1. Could you line up R153, R30 from fewest to most neighbouring Cβ atoms inside 10 Å?
2. Any idea how far the Cα center of the stretch 36-109 sits from the one of the stretch 4-31, in Å?
3. Among the lysines, select those whose C-alpha is under 19 Å from the C-alpha of K172, and discard any that sit fewer than 8 residues away in the same chain.
4. So how far, in whole Å, is the C-alpha centre of the stretch 146-178 from the one of the stretch 198-228?
5. Projected onto the charge dipole of the chain (+1 at Lys/Arg Cβ, -1 at Asp/Glu Cβ, origin at the Cα centre), which of I213, A49, I2 gives the Cα projection farthest towards the positive end?
6. According to the square roots a ≥ b ≥ c of the eigenvalues of the Cα gyration tensor, what is the shape class of the chain, taking rounded for a/c under 1.5, prolate for a/b larger than b/c otherwise, and oblate for the remainder?
7. Based on DSSP H runs of at least 4 residues, each adding -39500 (n - 2.57), what is the mean residue ellipticity at 222 nm of the chain after dividing by all its residues, to the nearest 500 deg cm²/dmol?
Amino acid sequence: MISRHLMWANWCKEVCIVQIRCFADNLEKRILPTFESVSEEGNRIAEEAWKRFNESAGPDSDMESGAEWASNQGFTHYRNLEDLQQGLLNFSAAFCYHLFEQQLLFFHRKELLKPQEENNKTLFKPNVIIKKFKEHGIAIKDFRSWLTIDELRQVANVVKHADGDAAERVKKLRPEMFTRPHMRDDEVLGEWFVSNPLPVYQPLFGEDFYVTIEDIRAYVMAVTDFWTELADILEQQQ
């Protein structure tokens with residue numbers, strides 16, 4: 001049995017769930033909206049570059065090359081911001097998982113471990129946490145949210161490490177994540193990329209791996225469900 005079970009149930013609801021919802025709300029309401037004007041920004045950059053070219057152009061200047069240069073300036077700006085936006089979505093998946101992981105570890109160290117074990121880093125491993133919960137009669141791997149949280153863990157590892165074991169697992173579990181979202185509905189290209197996933201090099205700048213806002217919402221819901229289910233169990237203890 002968990003000691004101070006009602007205190008911990010309240011902590012699940014008033015700290016863990018509040019934190020994850022704060023993250024999710026501000027991602028959608030504050031951070032992502034700053035990218036809504038990237039197309040207009042790209043056009044403005046191109047126009048300013050074209051203006052600068054015309055101001056310095058001489059009678060023998062190649063106007064066609066100048067126009068192409070100015071257009072490329074705008075497109076590069078737009079593409080960098082587009083990639084940055086995707087990178088932030090990818091990073092948000094890693095943030096979501098590691099926030100959950102730190103919350104879980106806090107509970108583990110403060111409640112499941114003995115005071116003399118609290119700073120023993122060998123006891124911080126996921127399999128130890130699962131075992132300690134089970135010793136208290138709580139099978140967190142049976143929680144309805146666990147499979148989605150485990151997927152989130154693999155996704156977070158892809159975001160951090162690019163290609164590797166986690167990427168291979170996610171390619172089997174969610175192959176569409178390795179295709180740009182706007183290409184997934186294309187029957188030919190979408191199917192080709194799913195069948196032939198490309199190497200993953202820089203997911204933190206939005207390349208090669210593509211978490212969507214719908215994915216983030218699902219992961220936030222899974223973490224919220226986990227803490228809600230744990231709180232319910234703790235409240236029922238006598």
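1. Details: R153 18, R30 9.
The most exposed by this proxy come first: R30, R153.
2. A separation of 32 Å, based on Cα centres.
3. Excluding near neighbours in sequence, the set is K160.
4. One Cα centre to the other: 9 Å.
5. I2
6. Values: a/c = 3.13, a/b = 2.38, b/c = 1.31.
Cα axes put the chain in the prolate bin.
7. My calculation for the chain gives -21000 deg cm²/dmol from helical runs alone.
Read-outs throughout are calculated quantities, based only on the coordinates presented, and are distinct from any laboratory measurement. Note that the structure is predicted; figures quoted are calculated from it, not measured. Because the Cβ atoms are built from the backbone with ideal geometry, glycine has one as well, and the counts that use them run over all protein chains shown.
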